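The values are calculated or read from the model by the stated rules, or taken from the named source; none is laboratory data. This structure is a prediction, so every number in the text was calculated from the model and none was measured. Backbone-built Cβ (ideal geometry, glycine too); neighbour counts: all protein chains shown. Heavy atoms of the whole protein, side chains included, go into the accessibility calculation; ligands, DNA and RNA do not. Shrake-Rupley method; radii C 1.70, N 1.55, O 1.52, S 1.80 Å.
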Amino acid sequence: MQTTLDSQKKLLSKLQPLIALFVLCLVIGLLSDKFFTVSNFWNVLRQISVNICISTGMTLVVLMAGIDLSVGSVLALSGAVTAGLYKSGIEFPTQNLFVGFTLLGGILAGIVVGGLLGFFNGMAITRFKVPPFVATLAMLTVARGLTMLWTQGFPISGLGKDFAFFGTGWFLGVPVPVWISALVVGLAILLSNKTKIGRYIYAIGGNENAARLSGININRVKVIVYTLAGMLAAVGGLMVTSRLDSAQPNAGTGYELDSIAAVVIGGTSLSGGKGSIGGTVLGAIIIGVLNNGLVLLNVSPFWQQVVKGLVILIAVVIDKANTKNH
C-alpha cells in the first residue's frame, strides 16, 4: 500500500508542470478570446525559442548544482559581435580584420565569443575555486561592459533580410527560431541521456565527492558544461538580434531570471542531480504562456515582474518540499 502511495506521489510530482500549464492555459483562454488563436500560438513559440536555448544550457549547469547568472550579458555581447562583424564585412569588405566576415563567419564568431565567456566562467569556478554565483555574477558585469565598449552604447542596426531570416523567417510553415530551439533541445537530450558526459553531469550533481572518487574529471566536465551554456546563450543572442534587426547594448537584461525560472518550474532541482531538458522546455512554455497571457490581459509590466517572481518562489518551495519527501 505504501509503495503504491509513493509511486502515485512521484507521478504527481512529475506531472505538476504539465498540470500547471493546462490550468494556466484554461484560465487565460477564458479571460482572453485572443489566446487560443493560431497567430498567438506561433507568437508564443517564437518568443520562447530564445529562452529555451538559454535554459537548455542553464539546465546542464544546474544539474551539476551550479548556476549561471551571466547568460543575459553573454547573449548581448555575442549578438553585438555577430552584428558588428557582419555589418562591417558588408560595408568594408576589404578592410583589415573584417575581411571575409560573411553572415556565417559573423554567426560563428558570436558563438565562439559565447563559448569563450562560458569557458572563463568554468575556469574561474574550477581552477580558482570561485563559487559559481560569484564567478558568473562577475561575468555578467564584465560581458555587459564589453558589450558597451564594442557598441559604444549605440545599437548596431540595418543588418538586412538574410540576417533577419534567423529571427523572423519561416521554414516548412514553422518559424525558424522554433526549428533552431528544437535542434538545440534534441542535441541536448542526446547529450544528457546517451553520452558519458551526460551521465557525469548527473553524477556530479548527485554527489560530487562520490563522482570524484569514481574517477570522473570533475573540473573538465564543469568547464565543458559552462562553455556549452555560453554557446547556447550566443545562439539566443543571434535570434534576438535577428528578430530586432539590431544589436542592442542592453539586450538580454533579465533573461537569466526567465532562464532560471524555466529550469526550476520544469522540475530541475537547484541542489543538482535531478531534472531533465524536457522538463525545462515545459517550464519555458509555462513562462512564455504566463508572459503572453499577462500582456493579453493588459497587466502592468511592473505587476508582471511581481507575478514572475512569485511563480519562481512557489516553484522553489515545491522543489524543496519534494526533495525533503524523497
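Quick look at the values:
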| quantity | calculated |
| --- | --- |
| Counted residues, the range 194-238 - those being in a helix (DSSP H, G or I), in contact (Cβ under 8 Å) with a residue 12 or more places away in the chain, out of contact with any strand residue (DSSP E or B) (no Cβ under 9 Å at 6 or more places or on another chain) and not charged (D, E, K, R) | 26 |
| Selection within the range 54-88 - buried (at least 24 other Cβ atoms within 10 Å of the Cβ) and among the charged types (D, E, K, R) | Asp68 |
| Selection from the range 83-112 of residues that are at pLDDT 65 or above and of a type outside the set (A, V, I, L, M) | Gly84, Tyr86, Lys87, Ser88, Phe101, Thr102, Gly105, Gly106, Gly110 |
| Condition broken by Ala203, with the remaining ones in (1) open to solvent by 30 Å² or more (accessible area, probe 1.4 Å); (2) farther than 16 Å from Asn219 by Cα satisfied | (2) |
| Long-range neighbours under 6 Å by Cβ, at least six apart or interchain, first residue within 10 Å of Ser181 (Cα to Cα) within the range 31-53, second not in a helix (DSSP H, G or I) | Arg46/Pro175 |
| Output for the range 268-319, where each listed residue is closer than 28 Å to Asn209 by Cβ and modelled with pLDDT of 85 or more | Thr268, Ser269, Leu270, Ser271, Gly272, Gly273, Lys274, Gly275, Ser276, Ile277, Gly279, Thr280 |
| Scan of the range 151-189 for residues that are more than 19 Å from the chain's Cα centre (by Cα), crowded, with 19+ Cβ neighbours inside 10 Å and not in a loop (DSSP other than H, G, I, E, B), ordered by number | Thr151, Ile156, Phe163 |
| Selected residue (only one of Lys320, Lys308 is of a type in the set (D, E, K, R), open to solvent by 40 Å² or more (accessible area, probe 1.4 Å) and assigned to a helix (DSSP H, G or I)) | Lys320 |
| Count of the range 250-294 residues which are surrounded by fewer than 20 Cβ atoms within 10 Å (Cβ to Cβ) and either out of contact with any helix residue (DSSP H, G or I) (no Cβ under 8 Å at 6 or more places or on another chain) or without any contact (Cβ under 8 Å) to a residue 60 or more places away in the chain (or both) | 2 |
| Selected residue (only one of Leu244, Leu297 is surrounded by fewer than 17 Cβ atoms within 10 Å (Cβ to Cβ), in contact (Cβ under 8 Å) with a residue 40 or more places away in the chain, under 20 Å from Asn43 (Cβ atoms) and over 16 Å from the mean Cα position of the chain (by Cα)) | Leu297 |
| Residues of the range 31-53 satisfying the condition of being in a helix (DSSP H, G or I) and surrounded by fewer than 24 Cβ atoms within 10 Å (Cβ to Cβ) | Leu31, Val38, Ser39, Asn40, Phe41, Trp42, Asn43, Val44, Leu45, Arg46, Gln47 |
| Residues of the range 15-30 classified as surrounded by 16 or more Cβ atoms within 10 Å (Cβ to Cβ) and touching a Leu at 6+ places or on another chain (Cβ under 8 Å), total | 4 |
| Verdict on Val142 being open to solvent by 20 Å² or more (accessible area, probe 1.4 Å) and either modelled with pLDDT of 95 or more or acidic (Asp, Glu) (or both) | yes |
